[in-house]
1. Which numbered condition in (1) outside any strand (DSSP E or B); (2) without any contact (Cβ under 8 Å) to a residue 40 or more places away in the chain is the only one that residue 71 fails?
2. Need the failing condition index for residue 97 against (1) under 32 Å from the mean Cα position of the chain (by Cα); (2) surrounded by fewer than 10 Cβ atoms within 10 Å (Cβ to Cβ), just the number.
3. Quick one: would you say residue 361 is in the same structural domain as residue 213 (by TED's automatic domain parsing), touching a residue at least 24 places away in the same chain (Cβ under 8 Å) and more than 16 Å from residue 171 (Cα to Cα)?
4. Going by what's in this entry, would residue 356 be described as in contact with a strand residue (DSSP E or B) (Cβ under 9 Å, 6 or more places away or on another chain) and closer than 22 Å to residue 139 by Cβ?
5. Within the bounds of segment 216-233, is there any residue that is in contact with a helix residue (DSSP H, G or I) (Cβ under 6 Å, 6 or more places away or on another chain), surrounded by fewer than 23 Cβ atoms within 10 Å (Cβ to Cβ) and at pLDDT below 95?
6. Of the residues 252, 270, which is under 20 Å from residue 199 (Cβ atoms) and crowded, with 19+ Cβ neighbours inside 10 Å?
7. Would you check if residue 250 is in the same structural domain as residue 171 (by TED's automatic domain parsing) and farther than 25 Å from residue 164 by Cα?
8. Return the residues of segment 239-280 that are touching a residue at least 24 places away in the same chain (Cβ under 8 Å), part of a helix (DSSP H, G or I) and closer than 25 Å to residue 329 by Cβ; say none if nothing qualifies.
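The values are calculated or read from the model by the stated rules, or taken from the named source; none is laboratory data. Source: prediction; values computed, not measured. Every residue, glycine among them, receives a Cβ derived from its backbone with ideal geometry; neighbour counts consider all protein chains shown.
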C-alpha cells in the first residue's frame with residue numbers, strides 16, 4: 001500500500017519547504033518538494049531530497065553506544081536501550097539530588113519542529129531545575145539589530161525579489177544555502193535586474209552575480225555608512241519617506257558623513273569607484289532589494305553592521321515598493337504559544353545559571369559549574385567558538401556526557 005504524507009522541512013533554513021513523502025508499506029521511499037507550495041515549487045535542496053538514503057543507510061547508528069575507552073578514542077560498545085537509559089537516569093539522578101543546576105542541556109537547530117525541537121526537552125530540563133542555556137550562537141546580534149531598527153524582526157516578502165531591479169546579496173551564498181531565493185533572483189535577472197554580491201569570499205553565488213565586492217571580513221558597517229555618505233552628499237534621498245516614517249535621521253546623517261568612500265575603501269579593501277557606483281545604482285535603480293544574511297553579524301560589531309545595512313532602504317524610500325527593502329529574518333513574526341510549549345514556570349531552581357552557548361568552553365572547564373551535559377540538535381565541538389577549549393572541557397574524566 002502506497003500513500004503520500006504532507007509535511008514540512010524541520011531544518012533551520014529560511015525556505016521552510018513543504019515536503020511530500022511517499023510511503024510504501026510503512027517505509028518512506030521518496031521525499032520531494034511540494035509543487036503546489038508556491039515557494040517550494042517542487043524543488044528541494046540536495047540534503048533533504050536524499051532523506052530516504054540517510055534514514056535507511058546501512059551505516060546509520062540505530063542502537064545506543066556506550067564509551068568503553070578513553071575520551072576521544074572513539075571506542076564504544078553497543079548496549080540495549082534499557083541499559084543506556086538506566087545508566088543515564090542513575091547518573092543524572094545522583095547529580096540532581098545534590099545540584100540539578102550542574103546539569104546543562106546543549107542544543108540549537110538540528111531539528112526545529114515546535115514539538116520535536118525544544119518543547120518536550122525544555123519541559124524535562126525545566127522540571128529538573130537544570131542550568132539554562134542562552135542560545136546565542138547563530139543570530140542574537142542580528143536579531144537584536146532588527147528589533148532596534150524596525151521594532152521587530154521583519155522584512156520584505158521573499159517572493160517579491162523576482163520583481164526587483166537591483167538585488168544586493170549581502171553576506172549570503174544563496175546558491176548553496178537559499179536555493180529558492182536564488183531561483184527568484186535569477187528570475188529577476190532574466191527580466192533585467194542587476195545582481196551584486198557583497199562577500200569577502202568569491203562564493204558560487206558571487207561567480208553568478210554581475211558585480212562582486214570582496215570587502216574585508218567585519219567591515220560591512222563601513223561600507224553601509226559610505227553608501228549613506230554618497231546618498232546624503234548627492235541628495236539621493238527620499239525626504240518625504242524619511243520625514244514620515246523614520247526617527248533619528250539627523251544623528252545618522254552626522255555619523256554617515258564621517259565615512260567618505262575614500263575612508264571606507266581603505267578599511268574595506270575596496271575601490272573607491274566601486275563604492276560610488278554601488279551607491280549610485282542603489283539610489284537610481286528601483287525597486288532595490290537587499291538579501292542580508294547572518295554572516296554579517298558574526299563578527300565584532302556585527303549587530304551595528306546589520307543596523308547600518310537595515311537603514312539603507314528607508315533613505316531611498318525602497319520600502320514604498322513591494323519588491324524593495326531588506327530581509328534578514330522574520331523569525332518569530334508568526335506568533336506561537338511558546339509558554340505553553342516550553343512552560344518556564346516548571347523551572348523553580350534559583351541557583352540555576354544561564355550559560356552562554358557561545359562560551360561553552362569556559363563553562364566546561366569550570367568543574368564546580370557543570371558536571372553533566374546532554375547534547376542534542378547540535379555538535380558543540382564543531383560549532384562553538386574556541387574549539388580547543390571546548391575539546392579540553394569535554395575531555396574531562398569527571399564530566400558525564402550524553403549525545404543524542
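1. In the conditions (1) outside any strand (DSSP E or B); (2) without any contact (Cβ under 8 Å) to a residue 40 or more places away in the chain, residue 71 misses (2) alone.
2. (1)
3. Values: in the same structural domain as residue 213 (by TED's automatic domain parsing): no; touching a residue at least 24 places away in the same chain (Cβ under 8 Å): yes; more than 16 Å from residue 171 (Cα to Cα): yes.
Spelling it out, it is not the case that residue 361 is in the same structural domain as residue 213 (by TED's automatic domain parsing), touching a residue at least 24 places away in the same chain (Cβ under 8 Å) and more than 16 Å from residue 171 (Cα to Cα).
4. Values: in contact with a strand residue (DSSP E or B) (Cβ under 9 Å, 6 or more places away or on another chain): yes; closer than 22 Å to residue 139 by Cβ: yes.
Yes: the conditions hold for residue 356.
5. no
6. Values: 252 fails: under 20 Å from residue 199 (Cβ atoms).
Result: 270 is the single residue among 252, 270 that is under 20 Å from residue 199 (Cβ atoms) and crowded, with 19+ Cβ neighbours inside 10 Å.
7. On the way: in the same structural domain as residue 171 (by TED's automatic domain parsing): yes; farther than 25 Å from residue 164 by Cα: yes.
Spelling it out, residue 250 is indeed in the same structural domain as residue 171 (by TED's automatic domain parsing) and farther than 25 Å from residue 164 by Cα.
8. 241, 242, 245, 252, 255, 256, 268, 278
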